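This report concerns only the one structure given below.
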Amino acid sequence: MNITPAFEVIKPGVHTLIQDLGRFGYQHLGITSGGPADLHAYLWANKILGNDSNMASLEIHYGLMVLRVLTDTKISICGAEFGVNINDKPAFNWQTHNVKTGDIIQYRGATAGKCGYLAIVGGLQTEMSHHSRSTVIRDKLSEITSTPLYEGQRLPITAQTLERPIAQSQLQIAVPRHYIPNYSAPLTLGLLPCYQWQQLTSKQQQQLLTNKYQISPQANRMGYQLIGNMIADLPATLTSEGIALGSVQLPANGLPIVLLQDRQTIGGYPKAGVISILDCSKLSQRQQRADICFKLENPVVSRYKMQAFKHFFDF
């Protein structure tokens, strides 16, 4: 496989990572899945380039990244609004862009949403660890998969992808407007109760479902701590057990924590249930102090939504 550099990192930004769909089958070893914080935006970034769903892309948190292009190709920009420029000219979000050797891609700070995706035809070909290129800093699996982007880093692709018709075409493809989320809207998360739901009193259940929460400063790829009215007299810490993506933990302080892609693999706090991966994507795009509520979700409806989503994106 002939590898060629596609980008040079001039400024890595606040927190920029490489993500594919994630690292599965190793949770029993304490290795979490990683993967895109916003699966919806990540998949669109690959889809409009004709990439497979598991092609590695850049996940840009908070912006302020600058890249130099090292080869003629095509990229896509999706997710949070960063006011991206290519050679000091605005580059529209949620669409593809042709770039040439020497072009400069510049991200400003996020104005709506929190993380964006920059994909390239054929995907980034960085080092793999445990069958994934995803960056999970806390797992320390390898230098590349445990480190954010750094100044001077070169990001490789497969040279053969440059010969694909889509890489050479001047036609740009955009995501239809009705698929583009509003990251500034208040968010209601659908809760699928787990077996520990019945250990909560009816009052505690109603508190969780009627409280209005906000996202605290303690919000990252590991999980989002919510702030608001505390739920009192919660069950004591339980025997540690596996933690699913989207688990809603209820620690002793009475404030929910929603666990996300870089979560710990086991935990002993009581859980009210889980939210779907689709709601995890929406939550990951909300900035600090955004309004969050919970509602009970119908598991049949939730399963149907996920099946339709996977069918649409073919993964």
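The values are calculated or read from the model by the stated rules, or taken from the named source; none is laboratory data. Keep in mind the model is a prediction, meaning the values are calculated, not measured. A quick note on method: Cβ atoms are made from the backbone with ideal geometry, for glycine too, and the neighbour counts reach across all protein chains shown.
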- Matching residues, region 56-85, being buried (at least 24 other Cβ atoms within 10 Å of the Cβ), among the hydrophobic types (A, V, I, L, M, F, W, C) and in contact (Cβ under 8 Å) with a residue 40 or more places away in the chain: Ala56, Leu58, Ile60, Met65, Leu67, Ile75, Ile77, Cys78, Ala80
- Single condition Gln218 does not satisfy, out of (1) in the same structural domain as Phe82 (by TED's automatic domain parsing); (2) of a type in the set (S, T, N, Q); (3) within 21 Å of Leu245 (Cα to Cα); (4) without any contact (Cβ under 8 Å) to a residue 24 or more places away in the chain: (1)
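Inside region 169-200, can you point out the residues that are among the hydroxyl-bearing types (Ser, Thr, Tyr), over 27 Å from the mean Cα position of the chain (by Cα) and part of a loop (DSSP other than H, G, I, E, B)? Please lay out each step first, then the result.
To start, the set of residues in region 169-200 that are among the hydroxyl-bearing types (Ser, Thr, Tyr) comprises 169, 179, 183-184, 188, 195.
Now restrict to residues that are over 27 Å from the mean Cα position of the chain (by Cα): 169, 195.
Ser169 - this is the single residue of region 169-200 that is among the hydroxyl-bearing types (Ser, Thr, Tyr), over 27 Å from the mean Cα position of the chain (by Cα) and part of a loop (DSSP other than H, G, I, E, B).
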- Message: Looking at region 140-155, I want the residues that are outside any strand (DSSP E or B) and have a partner that is surrounded by fewer than 16 Cβ atoms within 10 Å (Cβ to Cβ) and modelled with pLDDT under 85 with Cβ atoms under 6 Å, at least 6 apart or on another chain. Which pairs are those?
- Response: Ser146/Lys140
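Which ones in region 189-232 are of a type in the set (Phe, Trp, Tyr) and at pLDDT 95 or above?
As a first pass, look at region 189-232 and keep what is of a type in the set (Phe, Trp, Tyr): 195, 197, 213, 224.
If the condition is that a residue be of a type in the set (Phe, Trp, Tyr) and at pLDDT 95 or above, then Trp197, Tyr213, Tyr224 are the ones that fit.
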- Item | strands (runs of 3 or more DSSP E) fully within region 36-100 counting 3 or more residues that are within 13 Å of the chain's Cα centre (by Cα) | 57-61, 73-81
